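Heads up, the thing below is written out as structure tokens.
The values are calculated or read from the model by the stated rules, or taken from the named source; none is laboratory data. Keep in mind that what you see is a predicted model, and the values were worked out from it rather than measured. Ideal geometry is used to build each Cβ from the backbone, glycine not excepted, and the neighbour counts take in all protein chains shown.
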Amino acid sequence: MSPAPAALLLAGLAAAALLADRIVSVAAIALVLLLLCLRAPAGRRRLYLFGAIVSGLSVFVLTPFVSNIGFHVIWSGPTVPVLGQLDVTREELRIGLFQGLRLTAVALAFAAYALLLDHDRLVQSARFARRSVLAMALATRLVPTLERDAAGLVEALRGRGVEVTGARGRAQLLSPLLAGSLERALNLAEAMEARGYGRPGGTRTPRPGWSTLDRAALALGALAVAIGALWL
Amino acid sequence: MALATVAGLSFEYPGEHEALRDVSLELEPGEVVALLGPSGGGKSTLLRALAGLVPHFHGGRFEGSVLVAGVDTRRTRPADLAGTVATLFQDPEDQVVFTRVAAEVAFGLENLGTPPESILPRAAEALAAVGAAHLAQRPVAELSGGELQRVCLASVLALRPQLLLLDEPTSQLDPDGAAAAIELARESGAAVVVSEHRPERVLEACDRVLFVDEGRISEGEPPAAWRPRTAEHPDAEPAGPGVCRVEGVSFGYDAVPVLEGTSLRVGRGEIVALVGPNGSGKTTLAKLAAGLLEPQGGTVEREGRACYLSQDPGRYLVKERADEEVALAVGGDLERARDALATVGLAGFEDRHPRDLSSGERERLALAAVLVAGPDLLVLDEPTRGVDPPRKDELAALLREQAPGRATLVVTNDHVFAGEVADRLVSTVPVLEPALA
């Protein structure tokens, strides 16, 4: 499948998850996206799946403590300044689960986009807003690049006999990772300018036209949005 | 008529000292000019001025003029000069835009408005010219440093520029690859300005030599340290007790074998240089020797502490003071860290932020960060990348001086350095043919 219709299909599924009103519908969309993500190599998908699932779980766990909805109390806790009484109701759990699944589904759609799509072809096939598509492709590459840089830092430290362990040890890597990213971004911007990026009159590498499968994916993406808005 | 004319060029980066001082030169079409000089002397800045990146991209104070193909670089954006000028930067890792090789080479052609039907053939032709046709569909993240450098060279050759600016284009290439790259640049028909720290190849191919030091340019015979040297072939017998013994190891990445049945022994008191073509598994073998990788077959035995200095180590610094960075390996002992800094010529740099140092200073800081531990086995991966000849001599002298106390393994493509520093050479060979690797 061409990357552009695949990206639109994923965007359609993410939009459907945001538009749907029922937990079971959002859960089904999240499950489909999870199965898609599992097609990526285990080593690459780990970080994305961890991020998607942990962010969804965080919303589920935190929502009952920061909202005050419903009458069916399941657990009553102490009164905390600012937050008030900490209690958990059935309605809060339901809303937490719903919003957590929504976030997970959207994060999984991005994960599938980052893991499974050929971003080079996506940029090259962009007929408009090519700069935005390229910026998005470069931003998507940030995750694996940071992962590689972090691995390089850990290896460099191990090479000196220093083991990076625990959350505190890993937290020490954040500042050099950020500084390294900024240096890399500047160097890349300079190299892109030197290769003519941004000058008018650019052309594109020829690409084969869309296949039936590509058209079907595009239709399915639009259908997912409509179904999400009207029936799910 | 000259292709490029630089007249009275002085340039100062924002908040820094003068990088170029009253530089004047002319470049004729088709000539090859070698640009030699110490690190930080102004070579890269001169190349950036010829590409229009100085002052457009970097800002700063600019005096004088630079004309390329009749165009004043101060009045023209670097992107508009692209095609007339093409630049290969020092760090191939930092100039890659796309994830796959073919798209990367096509990127510049697309920006220049090359007819769509010509883009892929020209990209394929450039890749074939640098011996990287087999890499066209590979993800750039999976390439070795040398392979990536070839791809970046193909990306600029594909543009068919009138002026080709190469900033250390062979720093990660094996000797055959380096010779081929310089020859290719020469055959491209463009005027070529090539900045190099390994002068042997480039001096053979160039028409004239420019020397840049402290921002000033001179022409003619370079100082003695920059003159070509003959690579010796050290062949001492393996030294006494083996600190590191690698026996019949095999290793691969994602089922692609890199090493099969490889053995290596490094004894206390000797320096072994590990050489071999790009992609032949030198770095993998070095990491196995240092204990950073576990062999998938065979055995690795070590005695005592091993330290490994990676390629491009200046990228992997984590602390905010130079002495604290070095002290990491010795449990925060700042006294030992200061001694180690002095050993590599960085006395007085203790409180500097590592990222404020020049690239050469960062490399020396990273070297101090492994030397401080006094390892029994010291493994250095391409320690001369981006290092000028006098600094290479200093590094060789330092390693020789400290050699008796430890076993030292140096991975290098620099055969002259290997000949000067090592007691013996060990070569790796690719497990697979390049087309299959």
Yes/no for residue B:396 being touching a residue at least 40 places away in the same chain (Cβ under 8 Å) and of a type outside the set (Val, Ile, Thr): no
Criterion (of a type in the set (A, V, I, L, M, F, W, C), touching a residue at least 12 places away in the same chain (Cβ under 8 Å), assigned to a helix (DSSP H, G or I) and buried (at least 19 other Cβ atoms within 10 Å of the Cβ)) met by exactly one of A:10, A:97: A:10
Residue identified as in a helix (DSSP H, G or I), out of contact with any Leu (no Cβ under 6 Å at 6 or more places or on another chain) and surrounded by 19 or more Cβ atoms within 10 Å (Cβ to Cβ) among A:180, A:221, A:169: A:180
Selected residue (criterion: nearest to residue B:168 (Cα to Cα)) from residues of segment B:68-121 that are in a helix (DSSP H, G or I) and of a type in the set (Val, Ile, Thr): B:105
Candidates A:191, A:216, A:150, filtered to the one that is assigned to a helix (DSSP H, G or I), surrounded by fewer than 16 Cβ atoms within 10 Å (Cβ to Cβ) and modelled with pLDDT of 85 or more: A:216
Residues of segment B:1-31 classified as closer than 12 Å to residue B:46 by Cβ and either loosely packed, with under 13 Cβ neighbours inside 10 Å or out of contact with any strand residue (DSSP E or B) (no Cβ under 6 Å at 6 or more places or on another chain) (or both), total: 1
Pair list, Cβ < 6 Å and 6+ apart or interchain, from segment B:399-427 residues that are over 18 Å from residue B:267 (Cα atoms) to residues that are part of a helix (DSSP H, G or I): B:412/B:418; B:415/B:175; B:417/B:392; B:420/B:396
Which numbered condition residue A:137 fails, given (1) touching a residue at least 60 places away in the same chain (Cβ under 8 Å); (2) within 11 Å of another protein chain (Cβ to nearest Cβ); (3) part of a helix (DSSP H, G or I); (4) buried (at least 17 other Cβ atoms within 10 Å of the Cβ): (1)
Selection within segment B:136-150 - within 14 Å of another protein chain (Cβ to nearest Cβ) and crowded, with 24+ Cβ neighbours inside 10 Å: B:148, B:149
Meets criteria (modelled with pLDDT under 95 and within 9 Å of chain A (Cβ to nearest Cβ)) for residue B:313: yes
Only listed residue being more than 23 Å from the chain's Cα centre (by Cα), crowded, with 19+ Cβ neighbours inside 10 Å and within 14 Å of another protein chain (Cβ to nearest Cβ), chosen from B:124, B:86, B:103: B:103
Residues located in segment B:335-354, provided they are exposed (fewer than 15 other Cβ atoms within 10 Å of the Cβ) and either more than 19 Å from residue B:396 (Cβ to Cβ) or acidic (Asp, Glu) (or both): B:335, B:347, B:348, B:351, B:353
Only one of A:122, A:134, A:174 that is modelled with pLDDT of 85 or more and either under 25 Å from the mean Cα position of the chain (by Cα) or of a type in the set (Gly, Ala, Ser) (or both): A:174
Residues of segment A:194-213 satisfying the condition of being in a helix (DSSP H, G or I), touching a helix residue (DSSP H, G or I) at 6+ places or on another chain (Cβ under 9 Å) and more than 7 Å from chain B (Cβ to nearest Cβ): A:213
